[in-house]
Amino acid sequence: MQRVLSKTYAERDVSDVETHVRDTVRGLGAATPVEEEQLVAKGIFLVRRITRALPPEASLQEALRDHLAEGLSALRADEGAVRAVLADGATRARAVARETLDEVKARMGFLPPIHPRA
């Protein structure tokens, strides 16, 4: 099977995040090869989020042991809810970005925006 990442990704006390995630995904039970690869990719993203949330002195390996399988199971069980949360976040981010760009353009002397403000 091909790796999701082209290079080995190490984070804190985990020497190969992708292998760690792949082992966790396999422990979740039967999954199609496509679903397994999707879960591995999502798991790597989840590891990055867990890493950012941890204090610098905390062990990532312990945090993953406690939270990674639970997070992947939730993603697997309720993909629709995850997509809804992501879509909502993207909509809010676009609105903030639009305001910021409009302000930058106004300060730089560009033409005023043509879209109405909501």
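The values are calculated or read from the model by the stated rules, or taken from the named source; none is laboratory data. Computed from a predicted model, the values in this text were never measured in an experiment. Quick reminder, even Gly has a Cβ in these numbers, built from the backbone with ideal geometry, and neighbours come from all protein chains shown.
Listing for the model above:
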item	result
Where A90 falls short, out of the listed (1) within 21 Å of the chain's Cα centre (by Cα); (2) over 30 Å from V34 (Cβ atoms)	(2)
R22 being under 18 Å from the mean Cα position of the chain (by Cα), under 20 Å from E62 (Cβ atoms) and either basic (K, R) or not in a helix (DSSP H, G or I) (or both)	yes
Checking V47 against (1) under 25 Å from S6 (Cβ atoms); (2) hydrophobic (A, V, I, L, M, F, W, C); (3) not assigned by TED's automatic domain parsing to the domain that holds K7, the condition it does not meet	(3)
Inter-residue pairs, beta-carbon under 6 Å, first within 18 Å of I50 (Cα to Cα) and in region 69-93, second part of a helix (DSSP H, G or I) and among the basic types (K, R), 6+ apart	L75/K42
Checking G109 against (1) surrounded by 10 or more Cβ atoms within 10 Å (Cβ to Cβ); (2) at positive phi, the condition it does not meet	(1)
Cross-chain or 6+ apart pairs with Cβ under 7 Å, region 48-65 first and touching a residue at least 40 places away in the same chain (Cβ under 8 Å) and among the hydroxyl-bearing types (S, T, Y), then surrounded by 14 or more Cβ atoms within 10 Å (Cβ to Cβ) and in a helix (DSSP H, G or I)	T51/L60
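Yes or no, residue by residue, for (1) modelled with pLDDT under 85; (2) farther than 22 Å from L86 by Cβ; (3) of a type in the set (G, A, S); (4) surrounded by 12 or more Cβ atoms within 10 Å (Cβ to Cβ):
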{"site": "V14", "(1), (2), (3), (4)": "no, yes, no, yes"}
{"site": "R22", "(1), (2), (3), (4)": "no, yes, no, yes"}
{"site": "L28", "(1), (2), (3), (4)": "yes, no, no, yes"}
{"site": "Q38", "(1), (2), (3), (4)": "no, no, no, yes"}
{"site": "Q61", "(1), (2), (3), (4)": "no, yes, no, yes"}
